[in-house]
Amino acid sequence: MIRLEETRPRRRPNLTPMIDVIFLLLVFFMLASRFGSDRALPLTFTGSGTAYSGPPRLVELAPSGLFLNGRNIAPQDIAAALAPLMQSPDDIVVLRARDGADLQSLVTLMDSLAAAGLFRLVLVE
């Protein structure tokens, strides 16, 4: 008599080891990656009665450029242009970002002013 081989049912693959490997990779990349560094912007709160003294020092950041008291100025010249208007490095500099100005330009401006020794920055709308 001829005997045919019985068809065995197909085995379903075991996914547990693969899920374990994916989980370990996920944990590894979560621990090894850097999601970003938060940075606080140092701004002075002047609502405590500090009086503004001296000539106007309004630095406006617009999409079209940088303005000091309404006059267009190059970003690298802002510290030199502010020097004659300052009585001391502790004087307040008022920053205003106009509509359309991006945040990175404002942070870059604040960094350049801090590099020039001007730390009392007030940000207004």
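Observations, loosely collected:
- Selected residue (only one of 41, 66 is touching a helix residue (DSSP H, G or I) at 6+ places or on another chain (Cβ under 7 Å), modelled with pLDDT of 90 or more and not in a helix (DSSP H, G or I)): 66
- Segment 98-118 residues that are at negative phi, paired with ones that are surrounded by 14 or more Cβ atoms within 10 Å (Cβ to Cβ) and in a helix (DSSP H, G or I) (beta carbon under 6 Å, 6 or more apart): 116/79
Matching residues to (1) under 12 Å from residue 61 (Cβ atoms); (2) out of contact with any strand residue (DSSP E or B) (no Cβ under 9 Å at 6 or more places or on another chain); (3) surrounded by 13 or more Cβ atoms within 10 Å (Cβ to Cβ); (4) not hydrophobic (A, V, I, L, M, F, W, C):
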site	(1), (2), (3), (4)
80	no, yes, no, no
86	no, no, yes, no
92	no, no, yes, no
107	yes, yes, no, no
111	no, yes, no, yes
116	no, yes, yes, no
125	no, no, no, yes
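The values are calculated or read from the model by the stated rules, or taken from the named source; none is laboratory data. Computed from a predicted structure; not experimentally measured. Note: ideal-geometry Cβ built from the backbone for every residue, glycine included; neighbour counts use all protein chains shown.
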